[in-house]
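Read-outs: derived from the displayed coordinates by stated rules, not from any lab. Since the model is a prediction, treat every value here as computed from it, not as a measurement. Note: ideal-geometry Cβ built from the backbone for every residue, glycine included; neighbour counts use all protein chains shown.
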2 protein chains.
Amino acid sequence: MKILSKAVLPIGFKAEGISCGIKRSGKKDLALIYSDSVATAVGVFTTNKIKAAPVIITAQHIKNGRAQAIIANSGNANCMTKAKGLNDAKAMASSVAKVLNIKTSDVLVASTGIIGKPMPIDKIKTGISYLTKKINKNGLNNVAAAIMTTDTAPKKVSVKVAVGGKSLTITGIAKGAGMIAPNMATMLSFIVTDAAIPSQALKKLLKESVDNSFNSITIDACMSTNDMVLVLANGKARNMKLDGADLKEFSQALSYVFLELAKKIVKDAEGATKFVQINVSGAKNDKIAKTLAFAVANSNLLKTAIYGENRNLGRIFAALGQTGINIIEDKIKVNCSSLKKKNIKIDINLGMGKSEATVYTSDLSEEYVRINARYN
Amino acid sequence: MKILSKAVLPIGFKAEGISCGIKRSGKKDLALIYSDSVATAVGVFTTNKIKAAPVIITAQHIKNGRAQAIIANSGNANCMTKAKGLNDAKAMASSVAKVLNIKTSDVLVASTGIIGKPMPIDKIKTGISYLTKKINKNGLNNVAAAIMTTDTAPKKVSVKVAVGGKSLTITGIAKGAGMIAPNMATMLSFIVTDAAIPSQALKKLLKESVDNSFNSITIDACMSTNDMVLVLANGKARNMKLDGADLKEFSQALSYVFLELAKKIVKDAEGATKFVQINVSGAKNDKIAKTLAFAVANSNLLKTAIYGENRNLGRIFAALGQTGINIIEDKIKVNCSSLKKKNIKIDINLGMGKSEATVYTSDLSEEYVRINARYN
């Protein structure tokens, strides 16, 4: 696997991001990713019972395992917007389909931003007709910018992997940076590849990769209504069937892209000054390890202590004990790297088994409060 | 029931609070409550798996349903302090018992403060020998002050209720103000009464009162290792057996004291600028109502929005949906009072049943972050 210094679109993909006027700031807010041919497509979605309209529509459109375009906007989540919201999400898909002469059901829709406001659908439609003409092979940066909300930087990762007799490209983008909690992805991420891979195999890889990346991060324990991770594989690299060592290498490359994007989200967490990796080992099983790692990662008291560079191991123990999971104080070993550094590693060995889990989180700063006190 | 404007000790109780040098600030940090005769005693304790030494010792001492004194300190939680911690907690009880000539098992011990530091037991012992001489009928204010940590004000409530042929006094004190989450009390509270009531009956009342008061508040979703609520009823009012309407009235008075103390804790939450009452109604059952009310109350995003006086109902819906409990967006009615005011009421009707629950919380401010970033 080769990590590219600049993110690029794989063969057969075009993209662009523009400002269509959803954001009052005038920043980019509408993006389109397009594949020259229909791609294998899989996705995972928020498990929040309150689902935004684009989540509902895209889940329907992706069911058949294929898609050809992703239309995404920031600045408005199109959530709690009732029948108009569903119609608007459908209209976004059909507007793209019409201009590009593809099926509406092959267009996936994603939105992020404020909840509960009607979509300015006319602006978006005008934006789509412009965008469909502008898509190009170098448009990825603008897409990554156009899906940002409180993110301070676009998040992109590109790798190349030589498998199936070809060099395949896997490229992903993502946005954070608040309302980040596990159990599905709690953000938007789109991964595109020119690999040829059946949707069932891709679905399996997606599930594995998400569990160890986007489902292993938390910023504020708040789960979004709009999360989705979409993977499009258009087969343009014309590789042979991926199996054995090739499949493994492809899988590792895909996981790398997922994990790097997940880490980028945590590093750009709202108000964050620290990137914190929490490893719980010595657990009886994986579920316990992950539950405890998240309990520590979600402790406001620990996060504020880390922000204050204030070594307070008691807060780790209090968080572990709060879960109700059986732990034995005297068996627990905690190792915590210097809090003065930006990257912090907390190793917790429970001394009760062989399972482990790693989660990633940020500190909790005054700036997080300021950002979310005034976000509107 | 008559609410007293000044909190007083019931008949037969003496108390005092002093500074013995645990807190570097020189503020009061050691308190003793004493009953002239052995009292009926019941308690509830943190469900955190990491339990402070005094929690372990006091749970043992109170098992027989009787006690005569409570020795409590702030400034040090005596938690994660291993064998020395247990010995120190025992020593606090035995020191009190020795001077007052009562049984060690009739002395209850409570500690609050920093986790993981050894207790300055010599200072405490010296303090106890002084304190046991100083206890008096007017010492309640000093006790309430001596159990404070980040609290900005002492928390006291006194009521009188005429039942069982006598006027009974119920007086409670409590401390907050961080690490406050449900499932047991997440703070210290001591309630004393001169009522005569068997321990089984008192235990039942305690359970009911706690569920609707201390177990219905959350500040930061962080459960303490040191929580306990202790009730001592010494029977000095010489009332008749409490049953029927009398028991009901006593129970209501006790519940009032609990709820007022719980509210005082939330009002004095670390960094809080708002007191928020969240009522979830129209739920299928009580458990669902309470789970959803807590999900809303614990949302960092909602709490920061309230701090910013920023109306953002989407964050309420996102928090409700995150629980995985089945809710129907179109049936939910949310009514939220003005965010400009200090006291805020959020009514959420799920439209799915007849059960309801009320929980109390605060907003999340920059000051909460500052307090907990530097707490040590």
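Annotation: average projected area of the stretch A:270-376 is 6.6 square nanometres, based on the convex hull of Cα atoms across all directions.
When the Cα convex hull of the stretch B:314-370 is projected onto planes of every orientation, the mean area is 5.1 nm².
Shape analysis of the stretch B:2-267 based on the Cα gyration tensor places the equivalent ellipsoid semi-axes at 26, 20, 17 Å, largest first.
Ignore the peptide's own chain and count Cβ atoms of other chains within 10 Å of each Cβ in B:358-370; give me the average, rounded.
On the way: counts 0, 0, 0, 0, 0, 2, 7, 4, 8, 2, 6, 14, 6.
Taking all residues of B:358-370 together, the mean is 4.
Could you state the orientation-averaged shadow area of the convex hull built on the Cα atoms of the stretch B:1-78, in nm² to one decimal?
Values: hull surface 29.2 nm².
Reported value for the Cα convex hull: 7.3 nm².
Among A:Lys203, A:Lys6, B:Lys2, sorting on how many other beta-carbon atoms sit within 10 Å of each Cβ, with the fewest leading, yields A:Lys6, B:Lys2, A:Lys203.
Sorted from nearest, the other copies put their B:Gly26 label points 5.9 nm away, the label point being 7 Å from Cα in the direction of Cβ.
Label-point spacing at B:Ala59 relative to the other copies reads 4.1 nm, in ascending order, each point sitting 7 Å out from Cα along Cα→Cβ.
Entry note, chain B: the mean residue ellipticity at 222 nm calculated from DSSP H runs of n ≥ 4, each adding -39500 (n - 2.57), is -10500 deg cm²/dmol after division by the residues and rounding to the nearest 500. Each copy carries a label point for B:Ala245 at 7 Å from Cα along the beta-carbon vector; from one copy to the others these points are 9.0 nm apart, nearest first. Quick one: Debye curve from the C-alpha atoms of the stretch A:152-310, no solvent, what's log10 I(q)/I(0) at q = 0.14, 0.15 Å⁻¹? Normalising to I(0) and taking log10 leaves -0.73, -0.81.
With springs only between Cα atoms under 10 Å apart, run a GNM on chain B and tell me which of B:Asn101, B:Asn76, B:Asn343 wobbles the most. Among B:Asn101, B:Asn76, B:Asn343, the largest GNM mean-square fluctuation belongs to B:Asn101.
DSSP assigns beta bridges within chain A; of those with both partners inside it, close to 70 percent run antiparallel.
Only one residue of A:Thr361, A:Ala319, A:Ser299 has its Cα farthest out toward the positive end of the dipole of the stretch A:275-374, where Lys and Arg carry +1 and Asp and Glu -1 on Cβ, and that residue is A:Thr361.
Here the contact order of the stretch B:1-153, divided by its residue count and restricted to Cα pairs under 8 Å and six or more residues apart, works out to 35 percent. Per-residue Karplus couplings for the stretch B:108-114, computed as 6.51 cos²θ - 1.76 cosθ + 1.60 with θ equal to phi - 60°, are listed in order as 9, 10, 9, 9, 8, x, 5 Hz, Gly and Pro entered as x. Placing pseudo-labels 7 Å out from each Cα toward the beta carbon at B:Ser337 and B:Ile3 gives an inter-label distance of 1.4 nm.
Peptide A:62-72 has a mean of 0 when you count, residue by residue, the C-beta atoms of other protein chains within 10 Å of its C-beta. For the segment A:49-61, counting C-beta atoms of other chains within 10 Å of every residue's C-beta and taking the mean gives 2.
Once the other residues with Cβ under 11 Å from the Cβ of A:Ser37 are scored (Lys, Arg +1; Asp, Glu -1), what is the net sum?
-1
The rotation axis taking chain A to chain B passes closest to the C-beta of one chain A residue; that residue and the distance in whole Å read A:Glu366, 2. Each residue, A:Asn326 and A:Gln252, gets one label point 7 Å from its Cα in the Cβ direction; the gap between the two is 3.9 nm. If R0 is 30 Å, the Cβ-Cβ spacing of B:Ala162 and B:Asn212 corresponds to a FRET efficiency of close to 0.80.
Sorted ascending by nearby beta carbons within 10 Å, beginning with the fewest, B:Thr169, B:Thr225, A:Thr150 become A:Thr150, B:Thr169, B:Thr225.
Pairwise Cα separations in the stretch A:56-188 fall into 10 Å bins from 0 onward with the following percentages, short to long: 11, 37, 39, 11, 2.
Considering only beta bridges that DSSP places wholly inside the stretch B:275-374, some 60 percent are antiparallel. The spread of Cα positions in the protein assembly as shown, taken along each principal axis and listed from longest to shortest, comes to 90, 47, 38 Å. For A:Lys333, A:Lys23, the sequence from fewest to most other C-beta atoms within 10 Å is A:Lys333, A:Lys23.
In this structure, the amide hydrogen of A:Leu188, modeled 1.01 Å from its nitrogen in the peptide plane, lies closer than 5 angstrom to those of A:Lys175, A:Met228, counting only residues at least 5 positions away or on a different chain.
From the largest down, the stretch A:1-42 spans 40, 28, 17 angstrom on the principal axes of its Cα atoms.
Peptides A:160-167, A:62-69 ordered by packing proxy, namely the average of other Cβ atoms within 10 Å per residue, highest first: A:62-69, A:160-167. Highest mean first, the peptides B:128-134, B:110-116, B:11-17 sorted by other C-beta atoms within 10 Å per residue fall in the order B:110-116, B:11-17, B:128-134.
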